[in-house]
Every structure is written in C-alpha cells, then in structure tokens.
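Enquirer: Structure in structure tokens, see below.
The values are calculated or read from the model by the stated rules, or taken from the named source; none is laboratory data. Computed from a predicted model, the values in this text were never measured in an experiment. Cβ placement follows ideal geometry from the backbone for every residue including glycine, while neighbour counts extend to all protein chains displayed.
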Amino acid sequence: MSLPVLVLLLLAGLTAVDATSTRQRCEDAARDVALAVARGEPASSAHLPPGATFAVGHDGDRVRVEVTAPVFAGWRRFTVHADATAAVEQ
C-alpha cells in the first residue's frame, strides 16, 4: 500500500523540480529577449525552453516580453509564465 504513495510523492517532487527549472529558464529567456529587442536586435528564440512561446509588447520607451512554457506533471499539463521589461536604448 505504501508503494503508490511513494510513487505519487516522487512524481510530485519531480514535477516541482521541473516547474521550478522551467520557470527559471523562462525568466532568463524573457530577460535576454527584452534586452535584445531594446537594443534594436531581432528577438531570438534560441534560449527558450522546449515548447515555449514568447510575446513582445512595446509600451512607450519600454519593451515587455512574456514567455510561457508547458510543464508536464505526469497526469496533466500546466504552464509557467515569466516576463521581463527593458528600457529602449536610443
């Protein structure tokens, strides 16, 4: 009876680690894309986690980037989000 509980706890722990690392990668990618766009460079998806998407928005003299990536939890999928803002360089 304790084996299913252990498997469930292991799955929950692995999901938490995956979600945390994916969130960190999203934050890094959002920062990199925001800085690149603020400098006038093209937005690159090179640093995005697998399956991630990003959206770039301009608000006056600021660039805002939101990155969304899926995390597989074993029984369902959910997404993590991160965003970054950078001032446009003249």
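Enquirer: What do you reckon, is V7 β-branched (V, I, T), at pLDDT 95 or above and surrounded by 11 or more Cβ atoms within 10 Å (Cβ to Cβ)?
Expert: no
Enquirer: Go over the candidates V63, V67 one by one and state the one that is surrounded by 16 or more Cβ atoms within 10 Å (Cβ to Cβ) and in contact with a Phe, Trp or Tyr (Cβ under 6 Å, 6 or more places away or on another chain). I'd like the intermediate steps shown before the answer.
Expert: Details: V63 fails: in contact with a Phe, Trp or Tyr (Cβ under 6 Å, 6 or more places away or on another chain).
After ruling out the rest, the residue left standing is V67.
Enquirer: Okay, moving on. So L48 passes all but one of these: (1) in contact (Cβ under 8 Å) with a residue 40 or more places away in the chain; (2) closer than 26 Å to L11 by Cβ; (3) not acidic (D, E). Which condition number does it fail?
Expert: The single condition L48 does not satisfy is (1).
Enquirer: Restricted to segment 45-60, and to residues that are exposed (fewer than 13 other Cβ atoms within 10 Å of the Cβ) and out of contact with any strand residue (DSSP E or B) (no Cβ under 9 Å at 6 or more places or on another chain), which residue is nearest to E89 (Cα to Cα)?
Expert: G60
Enquirer: Keeping to segment 31-90, report how many residues are modelled with pLDDT under 90, basic (K, R) and not in a strand (DSSP E or B).
Expert: Number satisfying all stated conditions: 1.
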